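Novice: Below you'll find the structure I mean.
The values are calculated or read from the model by the stated rules, or taken from the named source; none is laboratory data. Values in this document were obtained by computation on a predicted structure and should not be read as measured data. Glycine gets a Cβ as well: all are built from the backbone with ideal geometry, and neighbour counts include every protein chain shown.
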Amino acid sequence: MQRENLLMVADSEQDADMLYAVGVFVPDPFIFLRVKGKAHIVMSDLEYDRARAQAPHCRVLSLSNCREKVQAQGVKRPQLAHIIRHLLRSRGLKRIFVPAAFPLGLAQDLRRLKIKVRVLPGDCFPEREIKSAAEVKRSARP
């Protein structure tokens, strides 16, 4: 499994990599951050409790808490890029890998905030190519 630090912003109903990473169907885009092999997700207050229950392998952060922390740093109206910069800086990161399908506007916003954004070469999760025994069992038709 690749251990690069990875940032994804997508919904998990449409994005197979996000669904694979988190394992929870969420209709609205949210932040997934893998740092040193550990998964973090930033969820709206509406999805927070469900994500905590259904994605125990992820550290679930509250979007509203993150927004408040960024406001306390002097950003009057924090946008998603400000929140991501806060998350990265709090983990000592100034650059991040993103999938090829990452939103271009958000990548440009991050670059304006002095975050180096690089497209991850290859697949985010190459291990998805081969199903585990449990995945095969779940997908088997009765």
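To keep it simple, each residue is scored yes or no on (1) within 18 Å of N5 (Cβ to Cβ); (2) within 16 Å of the chain's Cα centre (by Cα); (3) at pLDDT 95 or above.
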{"position": "H57", "(1), (2), (3)": "yes, yes, no"}
{"position": "Q71", "(1), (2), (3)": "no, no, yes"}
{"position": "I84", "(1), (2), (3)": "yes, yes, yes"}
{"position": "L87", "(1), (2), (3)": "yes, yes, yes"}
{"position": "R128", "(1), (2), (3)": "no, no, no"}
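Novice: Looking only at region 41-61, which residues are in contact with a Ser or Thr (Cβ under 8 Å, 6 or more places away or on another chain) and either in a strand (DSSP E or B) or in contact (Cβ under 8 Å) with a residue 40 or more places away in the chain (or both)?
Specialist: V42, M43
Novice: Restricted to region 89-102, and to residues that are under 15 Å from the mean Cα position of the chain (by Cα) and small (G, A, S), which residue is nearest to E4 (Cα to Cα)?
Specialist: Ranking the candidates gives A100 first.
Novice: While we're looking at this one, here's another question. Checking the conditions here, which among R52, R34, R67 is basic (K, R) and surrounded by fewer than 18 Cβ atoms within 10 Å (Cβ to Cβ)?
Specialist: Residue meeting the stated conditions: R52.
Novice: A further question on this structure: Search region 80-98 for residues being on the phi < 0 side of the Ramachandran plot and not in a helix (DSSP H, G or I), and hand back the single one that is surrounded by the most Cβ atoms within 10 Å (Cβ to Cβ).
Specialist: Within region 80-98, the match that is surrounded by the most Cβ atoms within 10 Å (Cβ to Cβ) is I96.
Novice: Further, regarding this structure: What's the number of the condition M43 fails, among (1) over 20 Å from I84 (Cα atoms); (2) in contact with a helix residue (DSSP H, G or I) (Cβ under 6 Å, 6 or more places away or on another chain); (3) not β-branched (V, I, T)?
Specialist: Against the list (1) over 20 Å from I84 (Cα atoms); (2) in contact with a helix residue (DSSP H, G or I) (Cβ under 6 Å, 6 or more places away or on another chain); (3) not β-branched (V, I, T), M43 comes up short only on (1).
Novice: Return the residues of region 1-15 that are within 16 Å of V98 (Cβ to Cβ) and touching a residue at least 60 places away in the same chain (Cβ under 8 Å); say none if nothing qualifies.
Specialist: Q2, E4, N5, L6, L7, M8, V9, A10, D15
Novice: If you don't mind, there's one more thing I want to ask. Only one of R59, R77 is surrounded by 13 or more Cβ atoms within 10 Å (Cβ to Cβ) and not hydrophobic (A, V, I, L, M, F, W, C). Can you tell me which?
Specialist: Among R59, R77, only R59 is surrounded by 13 or more Cβ atoms within 10 Å (Cβ to Cβ) and not hydrophobic (A, V, I, L, M, F, W, C).
Novice: Among the residues of region 1-31 satisfying the criterion of being more than 25 Å from L93 (Cα to Cα) and of a type in the set (A, V, I, L, M), which is surrounded by the most Cβ atoms within 10 Å (Cβ to Cβ)?
Specialist: Once the filter is applied, the top-ranked residue is V26.
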